[in-house]
Amino acid sequence: MTVRRPLIAAVASLGLLSFGVAACTQAETDKAEAQADAAGEKAEDLAAQAGEVIESGAMKTAQAVESGAGKVADKLEDNQAEAAAEGKPGAVNPSTDQRVPSN
């Protein structure tokens, strides 16, 4: 009977100790989940912000291309108008869309 009491006490102590470890582990798990959720939300916000920066850059690039293309088109139109006025075969008069015939 004297051997059983220390054994029972030891088993009970191990049970309480393992219960404490499990509670601590759950607390750590909860903390880790909260941190992961916060990190996920921050990552989502940063991704959205990065998307806006990329879209803004694409918009500015498209505007620059559009502006440049407009300038090129204007220059080509001027060249074609001048060539058509000079009667150069193959040139197209931009105002009438008529090609100068070859001789």
Verdict on Thr96 being loosely packed, with under 10 Cβ neighbours inside 10 Å and without any contact (Cβ under 8 Å) to a residue 24 or more places away in the chain: yes
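Rundown of residues vs (1) in a helix (DSSP H, G or I); (2) modelled with pLDDT under 95; (3) surrounded by 10 or more Cβ atoms within 10 Å (Cβ to Cβ); (4) among the small types (Gly, Ala, Ser), yes/no style:
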{"site": "Ala9", "(1), (2), (3), (4)": "yes, yes, yes, yes"}
{"site": "Leu17", "(1), (2), (3), (4)": "yes, yes, yes, no"}
{"site": "Thr61", "(1), (2), (3), (4)": "yes, no, yes, no"}
{"site": "Asp74", "(1), (2), (3), (4)": "yes, no, yes, no"}
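The values are calculated or read from the model by the stated rules, or taken from the named source; none is laboratory data. A quick note: this is a predicted structure, and the numbers were derived from the prediction, not measured. Ideal geometry is used to build each Cβ from the backbone, glycine not excepted, and the neighbour counts take in all protein chains shown.
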